[in-house]
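Report on the structure given below.
The values are calculated or read from the model by the stated rules, or taken from the named source; none is laboratory data. Not measured: the values here are computed from a predicted model. Quick reminder, even Gly has a Cβ in these numbers, built from the backbone with ideal geometry, and neighbours come from all protein chains shown.
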Amino acid sequence: MDLLAISVIVLFFLINIIIGFFVSKKLDIEGYFIANRKLGLFQSVMTISGTFIGAMTLLVYTAFVFTFGISAIWMFIGFCIGFIIFSFFAIYLKKHSKGKKFYTMTDYFKFRFGKKVALAIIAVIFIWYFGTLSAQFIGGGKVLMELTSCSFEICAVIMCAVILFYLILGGFKSVVQTDVFQFIILGLIICAMAFILQSEVSVPLSHFNPFNAGIANIIAFLMFGILTPFATQDYWQRIFAMKDIKTAKRTFIISGFLVLFISIFLTYIGLVARTVFTNIDPDTAAVYGFTQLVPPFLVGFVAIAFFAAILSTADTFLFLLAVNFTNDILGMKDKDPRGKIKYTRIAIIVIGVLALALALVYQNIVGITIIFKSIGLSVAPIVILIWFTKGNRNAIISTVIISTLLVLAFSLTGFIKPELALVSIIGGFLIYGLAMAVSKIVKSKTAKT
């Protein structure tokens, strides 16, 4: 990279750090943990959309486009449908959380089903978010490595250090404010990139077959997209932070169409990479598409598109993991505010370093994303079922444990494909139903005796 590109990247990192510094001024405990529950529509849409388009979206989704062509867009069609359906759940969740001062998904489950269920849920969510956080570091490290002469290890450490700095300062308010800045930058650059590539590369018609991925993968993509919002605890946190019910409903409808719109441009970039670079690692398809096909003077701006996407997701996941640790595992929700912030900051550092260590050891971003997200998706069937029913404690715990073991068993056999999500989703519904049936039989026999 030339001096201009390096300067642009350094400036981008500095702006994020400066935002964290200014947000930290006059910050109380509600501001640090939940942005004082005053998020408006614009901030909510920006932070939801910004968090959504992270390393998984840029690198993993582009890898799917590189492998399957345009048929990978079924995933984003699923996400759009899922966001719209989830908007009705957001209304329900906002109503039922009023006055209860929930911070995390676990708070809701603890309030409704007790501590054991809450611990089972947080165990799965923690594993999912920890793995996905590592994927963000892998993505950031690979991008920076491709753009500079630095090693992957140094690049991943730089990404982690920047996030740690502004998160420790400003907490959740830093997450929201940096998400707004990052998503605006990201959206503008992705759209500009697609227009530039459209004028320079002709994509073969064969890449536009919407059914190229095969029926099993298409179903997996759709189900993956539709059910993901229900198991995504950062969406729950945003709902708790929004100022009213109307904001909660509108946010997810707008965000659903916004991410689908962005996906059209991202898909085209993936198709161009598939056309021009036929023998590259799918993990790097987005990097090649973004960096090798644009004029040299735009390389720095393209790089910050990646960093905007990755930082906006990684900071959210890291902050939530730290809050999960202090709030849900250590049980510090009602403790001294200063002490809670102190331990949350320590947790941010420790979890960030551990996630970075995993990223340095296991550098397959597609594999790590599929495995950990499939584990997390076991929560989605539970959320949908308890939305419409009273729910059953034993069924929830059984579903979480057995679904997780199933995903791990399939992963160990080498079955690390998009269809792994179906194991978790379909298995979740079936296991919950069987557990409910067994519970009723046991109750019936107990009543007779």
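Step by step: first the residues of the stretch 31-46, then only those that are among the small types (Gly, Ala, Ser) and modelled with pLDDT under 90, then the one that is surrounded by the most Cβ atoms within 10 Å (Cβ to Cβ). Which residue is that?
Ala35
Please verify whether Val353 is in a helix (DSSP H, G or I) and surrounded by fewer than 17 Cβ atoms within 10 Å (Cβ to Cβ), treating the condition exactly as stated.
Considered against the rule, which asks whether it is in a helix (DSSP H, G or I) and surrounded by fewer than 17 Cβ atoms within 10 Å (Cβ to Cβ), Val353 comes out as yes.
Taking the stretch 369-389 as the region of interest, how many residues are in contact (Cβ under 8 Å) with a residue 24 or more places away in the chain and outside any helix (DSSP H, G or I)?
2
Can you find, within the stretch 143-191, the residue that is farthest from the chain's Cα centre (by Cα) among those that are among the hydroxyl-bearing types (Ser, Thr, Tyr) and buried (at least 24 other Cβ atoms within 10 Å of the Cβ)?
Among them, the one singled out is Tyr166.
Scanning the stretch 390-428 for residues that are in a loop (DSSP other than H, G, I, E, B) and within 21 Å of the chain's Cα centre (by Cα), which turns out surrounded by the most Cβ atoms within 10 Å (Cβ to Cβ)?
Pro418
Quick one: in the stretch 201-238, which of the residues that are of a type in the set (S, T, N, Q) and buried (at least 18 other Cβ atoms within 10 Å of the Cβ) is farthest from Thr404 (Cα to Cα)?
Gln237
What tally of residues in the stretch 104-121 results from selecting those that are buried (at least 24 other Cβ atoms within 10 Å of the Cβ) and within 12 Å of Val379 (Cβ to Cβ)?
So the answer is 4.
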